[in-house]
Amino acid sequence: MHNDTGQQAFDAIIEADEKVEPRDWMPDGYRSTLIRQIAQHAHSEVIGMQPEANWITRAPTLLRKSILTAKVQDEAGHGLYLYSAAETLGISRDELQELLHSGRQKYSSIFNYPTLSWADMGAIGWLVDGAAIMNQIMLQRTSYGPYARAMVKICKEESFHARQGYSIMMTLAQGTEEQKALAQDALDRWWWPSLMMFGPHDAESPHTEQSMAWKIKRVTNDELRQMYIDQTVPQAHYLGLTIPDDDLVFDEETGHWNIGPIDWDEFWATVKGNGRVSRERIAHKVKAWDEGAWVREAATAYAAKQRSRSESEKEAS
Ligand code: BYC
């Protein structure tokens with residue numbers, strides 16, 4: 001298809017709020033933006049397994065252990081749906097791994113913080129999955145079909161993750177003084193990094209305007225962050241916990257909670273690979289990839305054997 005015709009067809013799909021599919025012509029920038037964002041999203045799901053897997057062996061009850069195991073497995077599944085969606089744009093899974101391992105593609109800043117206590121499993125489910133859902137609900141309406149469809153199932157599972165996190169926080173907040181202190185400490189450490197998950201302020205965000213025009217993003221970083229704050233502050237109060245922000249105030253006129261300044265130096269240092277545990281996260285990921293090489297080789301060899309067997313059976317019949 002000639003590019004002008006392709007561009008017109010693409011513009012018409014976006015204008016009509018329909019989905020762009022892998023076979024459709026799309027601008028190079030649209031394709032590369034999607035590869036960047038979907039890959040970053042997939043990497044986040046997979047790297048995000050590390051801080052939580054850290055607590056599986058130390059979960060306080062069998063029930064909590066099985067829930068956490070299921071959650072960590074869900075994150076692997078989310079990574080797989082998202083890598084599949086990225087592959088439809090013409091990049092291979094191996095290339096994506098290489099880009100992550102060499103630091104050329106990112107993953108969410110939030111996973112560069114350590115999980116120090118069991119309460120962190122509550123805070124991650126409540127705050128981190130809560131922030132992810134806020135973003136992903138809007139991504140169910142993103143203009144690229146495979147990404148939008150992957151989001152539907154992911155959102156359902158993330159809702160369960162958020163509920164289990166809040167349930168842990170509730171148990172701790174209603175427990176002994178020591179348990180309540182653990183819950184408060186986890187909120188103190190995860191609150192600001194959760195707000196950073198939504199990315200820089202709109203005025204500082206190089207990609208938002210174009211991504212909104214292409215309907216990849218349907219809501220801006222600041223709008224989503226505000227929705228999240230308004231939803232989460234009352235949940236913290238219900239738990240009897242204090243949000244670690246002296247400037248936090250409810251604005252009667254706008255009906256929104258106003259927060260103090262976010263530490264963007266911390267955010268950019270983290271995004272650039274200098275977060276608290278950035279090096280450990282990537283080193284662990286590369287080690288798992290290398291140690292899993294024999295599994296990939298065996299699986300590929302098995303698939304190739306099955307294929308050649310079914311071909312020779314076809315020939316024989
Ligand atoms: N962390 O112009 P902007 C989960 C980068 S995991 C790192 O606003 P954009 C879970 C951004 O990439 C869910 N980098 O960009 C798993 C860009 O740099 P480059 C994770 C960030 O793309 C396990 C630059 O800053 N969710 O649910 O329009 C357990 C400028 O930003 C971050 C997703 O990944 C960040 N927080 O908007 C529990 C959602 N923020 O690429 C839970 C999908 C910004 O130019 N991603 N940057 O070098 C998105 O929705 C968008 O990419 C963002 C950023 C809103 C994050």
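Any read-out appearing in this document is the output of simple, stated calculations on the displayed coordinates, not a laboratory observation. As the structure is a computational prediction, the values presented were derived from the model and not from experiment. Neighbour counts run over all protein chains shown; Cβ positions are idealised from the backbone, glycine included.
Observations, loosely collected:
- Between Q179 and Q231, the FRET efficiency from the beta-carbon distance, with R0 = 22 Å, is close to 0.35.
- Kirkwood hydrodynamic radius of region 235-317, from the reciprocal of the average inverse Cα-Cα distance over all distinct pairs: 19.1 Å.
- Length-normalised contact order of region 180-317 in % [C-alpha pairs under 8 Å, at least 6 apart]: 18 percent
- Of the trypsin sites (Lys or Arg not before Pro) in region 1-104, the ones in a loop by DSSP (not H, G, I, E or B) with at most 12 other beta carbons within 10 Å are R23, R104.
- For the chain, modelled as a GNM whose springs connect Cα atoms under 10 angstrom apart, the maximal fluctuation among A303, A162, A173 occurs at A303.
- 19 Å tail of the calculated P(r), region 53-138, as % of Cα pairs: 51 percent
- Cβ-based charge dipole, the chain, positive-most Cα from V219, I154, I259: I154
- An ellipsoid equivalent to region 1-73, defined through the eigenvalues of its Cα gyration tensor, has semi-axes of 44, 12, 7 Å when rounded to whole angstrom and sorted largest first.
- Peptides 39-51, 283-295 ranked from most to least packed, by the mean per-residue count of other Cβ atoms within 10 Å: 39-51, 283-295.
- Remark: the chain carries a charge dipole of roughly 1420 debye about the Cα centre, counting +1 on each Lys and Arg Cβ and -1 on each Asp and Glu Cβ.
- Residues M169, M212, sorted so that the one with the fewest Cβ neighbours within 10 Å comes first: M212, M169
- Rg/Rh (Cα only; Kirkwood hydrodynamic radius) as it applies to region 173-293: 1.05
- Scattering profile of the chain at q = 0.07, 0.11 Å⁻¹ [log10 I(q)/I(0), Debye over alpha-carbon scatterers]: -0.32, -0.76
- Rounded to the nearest 20 debye, the dipole magnitude of region 187-242 is 220 debye, with +1 charges on Lys and Arg beta carbons, -1 on Asp and Glu beta carbons, and the Cα centre as origin.
- Across all directions, the average projected area of the convex hull around the alpha carbons of region 130-227 is 6.8 nm².
- Take every Cα pair under 8 Å whose residues are at least 6 apart in sequence, average their separation, divide by the length of the chain, and the relative contact order is 18 percent.
- Angle between the chain longest axis and helix 3-15 axis [Cα atoms, degrees, rounded to 10]: 40 degrees
- Among residues other than R36 with Cβ under 11 Å from its Cβ, the summed charge is +3 (Lys and Arg +1, Asp and Glu -1).
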